[in-house]
1. Starting from residues that are more than 25 Å from Ser327 (Cβ to Cβ) and among the aromatic types (Phe, Trp, Tyr), keep the ones in the stretch 1-50 and report whichever is most open to solvent (accessible area, probe 1.4 Å).
2. Any residue at all in the stretch 228-237 that's open to solvent by 20 Å² or more (accessible area, probe 1.4 Å) and within 14 Å of Asp330 (Cα to Cα)?
3. State the number of residues belonging to the stretch 159-171 that are more than 27 Å from Gly212 (Cβ to Cβ) and open to solvent by 40 Å² or more (accessible area, probe 1.4 Å).
4. If I go through the stretch 172-191 residue by residue, how many of them are surrounded by fewer than 13 Cβ atoms within 10 Å (Cβ to Cβ) and of a type in the set (Gly, Ala, Ser)?
5. Name the residues in the stretch 51-89 that are touching a residue at least 60 places away in the same chain (Cβ under 8 Å), closer than 12 Å to Phe34 by Cβ and either within 19 Å of the chain's Cα centre (by Cα) or exposed (fewer than 13 other Cβ atoms within 10 Å of the Cβ) (or both), would you?
6. Being open to solvent by 30 Å² or more (accessible area, probe 1.4 Å), of a type in the set (Ser, Thr, Tyr), closer than 15 Å to Tyr309 by Cβ and in contact with a strand residue (DSSP E or B) (Cβ under 9 Å, 6 or more places away or on another chain) is the requirement here; does Ser373 meet it?
7. Return the total of residues in the stretch 110-126 being over 20 Å from Glu89 (Cα atoms) and crowded, with 16+ Cβ neighbours inside 10 Å.
Amino acid sequence: MDKKITPVILGADLNCYNLARAFHEQYGVKSYAFGRYAVSATKYSKIIHFTCVPKIDEKSVMLDTLHRFADAHLGEKLILFGCTDEYVEMIIRNKEELTDFLCPYPSLNVLETVAKKAEFYKACDKFGIPYPETVVLTGKTPASELTAEKLGFKYPIIVKPSSSADYWKFPFDGMKKVYTADSPEEAEKIMNEIYGAGYPDKMILQEFIDGGDSQMRVFTAFSDEHGKVRAMCLGHTMLEEHTPKGLGNHAAIVTEPVSSFPLSEKLKDMLEDMGYTGYSNFDIKLREGTKDDYRVFEVNLRHGRSNYYVTAAGINLAKLAAEVFESEGDDCIRCNKSVFWHHIPRSTVYAYTDDRQLVETAKKLDREGNESSSVWYKPDFVMNPLRFICVLEQLRRQKKKYKLYCVKKG
């Protein structure tokens, strides 16, 4: 590379560590991260220089922090990333003031078209991409209007905010990423809590797609600055997190050939039609008892929290941003390598995964050397006992969380 590559990351969670590890593996560089507080996923790491900026989620503070950083790193190739929807939205909305940075994210127009689930489903309709039966609401709604007859699908149902970025700005006790309601009265209560906390956008009520964690799929794509999709990777979820705020986050994944996924080309066509640029991450579920009834839930306009599953499968996310984003070409890498990725202990994955055949697949991949743990990165442990101890404690706490929130399957 002509210039020194310097990754700059907003956030400090597992997403941040996965990305920093990809850069360290590919280029041997340290990433710089800015967050409101330190997080165990990146704590004591030698591959990340973390700075606590309590109000980094405010526009003026973010811009001042990044401008100062750019002034101190003249002549370097600065690549800017956001680890949450909120940070990504801030980057996209302020691209014109962040010209010192390469920002591998879509345009403001795309943000306002598909970042919110209600608008995303309209784009899916255009390309025949199936999603769950859905009702969109704009405010508190009485239980009498939330019956199965009125909604058009039976209970239990899924209740979730259309705008994740806005939702997390209005915290309240008992807050969850996604809710399941067993009755109209419960759905009304959830809606009242969310809107009562100040959430200003639409709410999504959806049919519940039968099946456990192992029916989930995660599809990651990367598009260059010309809107061409240049890489795609499919993950078969083994196990998700089960804490209230972590529900739905991937904890373990086995990658499968993109060629085996019937929606891959439709998703590619949709991304290219809208001129999408940068990372995209889709949450998808296969209805239990079917072979091809996939339903797309949402798209994240960023690399997902579990993004290291892509790097582990041979498509380094850092290289995509540093070398592919500004290049020209029609070539698209379709990942066909199978790997077992996880960020919690293997024993926990094996014990709580509901698909026992998938467990055997993961064990076989492990025996063959096709296994990777995000936090178990040996170069970060050398002469760094604090990081080693921190990782061991993270894994211990994960075991404790699953004992508390999940039921063993093995």
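1. Tyr37
2. The first filter runs over the stretch 228-237 and keeps only residues open to solvent by 20 Å² or more (accessible area, probe 1.4 Å), leaving 228.
Remaining after also requiring within 14 Å of Asp330 (Cα to Cα): 228.
Yes, because at least one residue in the stretch 228-237 is open to solvent by 20 Å² or more (accessible area, probe 1.4 Å) and within 14 Å of Asp330 (Cα to Cα).
3. Matching residues across the stretch 159-171 total 3.
4. Total meeting the criteria: 1.
5. Of all residues in the stretch 51-89, those touching a residue at least 60 places away in the same chain (Cβ under 8 Å) come to 69, 73, 75-89.
Checking the rest, the ones that are also closer than 12 Å to Phe34 by Cβ come to 69, 80-83, 87.
Within the stretch 51-89, Leu80, Phe81, Gly82, Cys83, Tyr87 meet the criteria.
6. On the way: open to solvent by 30 Å² or more (accessible area, probe 1.4 Å): no; of a type in the set (Ser, Thr, Tyr): yes; closer than 15 Å to Tyr309 by Cβ: yes; in contact with a strand residue (DSSP E or B) (Cβ under 9 Å, 6 or more places away or on another chain): yes.
Taking the combined requirement at face value, the residue does not satisfy it.
7. Going through the stretch 110-126 one residue at a time, the tally reaches 1.
Quick grid of which residues meet (1) touching a helix residue (DSSP H, G or I) at 6+ places or on another chain (Cβ under 9 Å); (2) touching a residue at least 24 places away in the same chain (Cβ under 8 Å):
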{"residue": "Lys117", "(1), (2)": "yes, yes"}
{"residue": "Phe120", "(1), (2)": "yes, yes"}
{"residue": "Asp125", "(1), (2)": "no, no"}
{"residue": "Pro130", "(1), (2)": "yes, yes"}
{"residue": "Leu137", "(1), (2)": "yes, yes"}
{"residue": "Ala143", "(1), (2)": "yes, yes"}
{"residue": "Ile158", "(1), (2)": "no, yes"}
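The values are calculated or read from the model by the stated rules, or taken from the named source; none is laboratory data. Remember, predicted model here, so these are calculated numbers, not experimental data. A quick note on method: Cβ atoms are made from the backbone with ideal geometry, for glycine too, and the neighbour counts reach across all protein chains shown. With ligands, DNA and RNA removed, areas are computed over all heavy atoms of the protein, side chains included. Shrake-Rupley method; radii C 1.70, N 1.55, O 1.52, S 1.80 Å.
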